[in-house]
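Please read the structure below before turning to the comments.
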Amino acid sequence: MQATGDFGPAPVGVDLAENQQSQMLGAVITLMTIGTLAVLLRVYTRAKTSQTNFGLDDFLIFAALWFAYGTGICVIISIRYKNGWHQQALTKSEFVSLWKLLFAHVFLYSATVTLTKSSILMFYGRIFNLRWSLYYATAIILGYFVAVVVTISAACRPTSFFWEQYTDPTAEGTCIDVPQFFLINGIFAVVIDVMILCVPAPIIWRLQMPRSQRVAVTSILLLGGFVCIAGIVRVVFLHKNTQSGDPSWTIAPVFVWSCVEPFIGIVCACLPTFSPLFRRWWAILGIKKSTTKKREEGYYGSAGTRTHRSMQHTSEDEEDEPHGDEVQLTNFPGWPLSFLRGKGNKGDVGDTRIEIKDEVTISFSVNQSA
């Protein structure tokens, strides 16, 4: 491909036919699908689990999903304007459209990660009854959002200079160091992610539950570490963009990872809500294994004594009740979801329980002296 002439000739060794668009499109569509499935499964779990209802954290994650769609749509639209191509392959018109999408993408990204982080904090509040630590973390997240929105809105004066500075030599205006701002913004986002991961850890380890269960709960919450990894990768690409002389090429992975991070955050925010569903499946598997084992081995005591055990099933979907602080990990107050749940449905997770009754017969003899 020959250079258009708008940005001069291509550097030696640069193939202007090379682009990153297929990777961008595949990554974004995959992420949008996974994020949507995670939220739908969250809704299903809420609807099918008794005493588990929609709360503020659910509504925040729904809003986050819609804004995340916005980041994905921005990436898809940007492909039309040669996002992921070398700059010499673009016309000035295409470059202006691409940088306008970048400007909008910053607001969508900030709104998405703020809503996702807020949803996670509200979920913590429902489970762990957090107070001051929740308020502090929420204030930091909202402060981050306000700082980003205000800074990017006032980054250039006039605003059009954000994209005109690269294409119109006669344009007049001033801008902050926008690439450096993106880098600092990315670093702060990762720091906030780490802070959110640390908020519930001390409380979990004080819960009155077996150590194995505390480890399991902590592991589920620490899956949010994937968000930190995505954020770090994004920061790396942001740093490369600040050093680049080919912005339309190096901005492409920034677009993608600014879409990856929000969708991964949404998935990680939904994972802990799947707990009742996983517990149901484990309970079913446990019942089947236990029944098979009992049939094979039987129940016999010693010295002619036999132990009889009978299991009364009022359902086939529920495991033992949680105890102590563990109750709060599966029971959430909120509105009723009778409009989504079927009344009297035996398949409802949490509506039914297994009752186990043990009957023991002990035989003994008494020696009577003559």
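Determine if the stretch 153-161 includes at least one residue that is of a type in the set (D, E, K, R) and assigned to a loop (DSSP other than H, G, I, E, B). Taking every residue of the stretch 153-161 in turn, none turns out to be of a type in the set (D, E, K, R) and assigned to a loop (DSSP other than H, G, I, E, B).
Being in a helix (DSSP H, G or I) and open to solvent by 40 Å² or more (accessible area, probe 1.4 Å) narrows it down to one residue among I34, I79, I61; which is it? Don't jump to the end; show me each part of the working.
On the way: I79 fails: open to solvent by 40 Å² or more (accessible area, probe 1.4 Å); I61 fails: open to solvent by 40 Å² or more (accessible area, probe 1.4 Å).
Sole residue among the options that is in a helix (DSSP H, G or I) and open to solvent by 40 Å² or more (accessible area, probe 1.4 Å): I34.
Beta carbons closer than 6 Å, at least 6 apart along the sequence or on distinct chains, pair a first residue in the stretch 36-59 that is over 17 Å from I127 (Cβ atoms) with a second that is modelled with pLDDT of 90 or more for A38/V267; V39/L65.
Looking only at the stretch 217-239, count every residue that is among the aliphatic types (A, V, I, L, M) and either modelled with pLDDT under 75 or not in a helix (DSSP H, G or I) (or both) and tell me the total.
At the first step, the residues of the stretch 217-239 found to be among the aliphatic types (A, V, I, L, M) are 217, 220-223, 227, 229-230, 232-233, 235-236, 238.
This time we only want the ones that are either modelled with pLDDT under 75 or not in a helix (DSSP H, G or I) (or both), so: 217, 220-223.
Residues meeting the conditions: 5.
State whether the residues of the stretch 3-15 include one that is out of contact with any His (no Cβ under 6 Å at 6 or more places or on another chain), in a helix (DSSP H, G or I) and open to solvent by 60 Å² or more (accessible area, probe 1.4 Å). The answer is no, given that none of the residues of the stretch 3-15 is out of contact with any His (no Cβ under 6 Å at 6 or more places or on another chain), in a helix (DSSP H, G or I) and open to solvent by 60 Å² or more (accessible area, probe 1.4 Å).
Is it the case that some residue within the stretch 170-190 is open to solvent by less than 60 Å² (accessible area, probe 1.4 Å), under 20 Å from A111 (Cβ atoms) and in contact with a Lys or Arg (Cβ under 6 Å, 6 or more places away or on another chain)? Yes, the stretch 170-190 contains at least one residue that is open to solvent by less than 60 Å² (accessible area, probe 1.4 Å), under 20 Å from A111 (Cβ atoms) and in contact with a Lys or Arg (Cβ under 6 Å, 6 or more places away or on another chain). State all residues of the stretch 255-266 that are within 18 Å of Q180 (Cβ to Cβ) and open to solvent by 10 Å² or more (accessible area, probe 1.4 Å); if no residue qualifies, say none. Answer for the stretch 255-266, where residues must be within 18 Å of Q180 (Cβ to Cβ) and open to solvent by 10 Å² or more (accessible area, probe 1.4 Å): just W257. For the stretch 66-76, the set of residues classified as crowded, with 22+ Cβ neighbours inside 10 Å and under 14 Å from the mean Cα position of the chain (by Cα) consists of A68 only. One residue stands out in the stretch 124-142 among those that are modelled with pLDDT of 85 or more and open to solvent by less than 40 Å² (accessible area, probe 1.4 Å): the one that is farthest from F62 (Cα to Cα), namely A137.
Cβ-Cβ distances below 7 Å connect the following pairs, each with a first residue in the stretch 132-144 that is touching a residue at least 24 places away in the same chain (Cβ under 8 Å) and closer than 13 Å to I120 by Cα, a second residue that is open to solvent by less than 30 Å² (accessible area, probe 1.4 Å) and hydroxyl-bearing (S, T, Y), and a separation of six or more residues or different chains: L134/Y124; I141/T114; I141/S118.
For the stretch 86-107, residues that are open to solvent by less than 40 Å² (accessible area, probe 1.4 Å), in a helix (DSSP H, G or I) and of a type outside the set (G, A, S) total 12. Taking every residue in the stretch 200-211 that is closer than 18 Å to R126 by Cβ and pairing it with any residue that is surrounded by fewer than 17 Cβ atoms within 10 Å (Cβ to Cβ) and among the β-branched types (V, I, T), at least 6 positions away or on another chain, the pairs with Cβ-Cβ distances below 9 Å are P200/T218; A201/T218; I204/T218. Residues of the stretch 149-157 include none that is open to solvent by 10 Å² or more (accessible area, probe 1.4 Å), touching a Pro at 6+ places or on another chain (Cβ under 9 Å), under 26 Å from V233 (Cβ atoms) and in contact (Cβ under 8 Å) with a residue 12 or more places away in the chain.
The values are calculated or read from the model by the stated rules, or taken from the named source; none is laboratory data. In this text, all values refer to a predicted model and were calculated from it rather than measured experimentally. Every residue, glycine as well, gets a Cβ built from its backbone with ideal geometry; the counts of neighbours run over all protein chains shown. Only protein heavy atoms, including side chains, enter the accessible area calculation; ligands, DNA and RNA are left aside. Shrake-Rupley method; radii C 1.70, N 1.55, O 1.52, S 1.80 Å.
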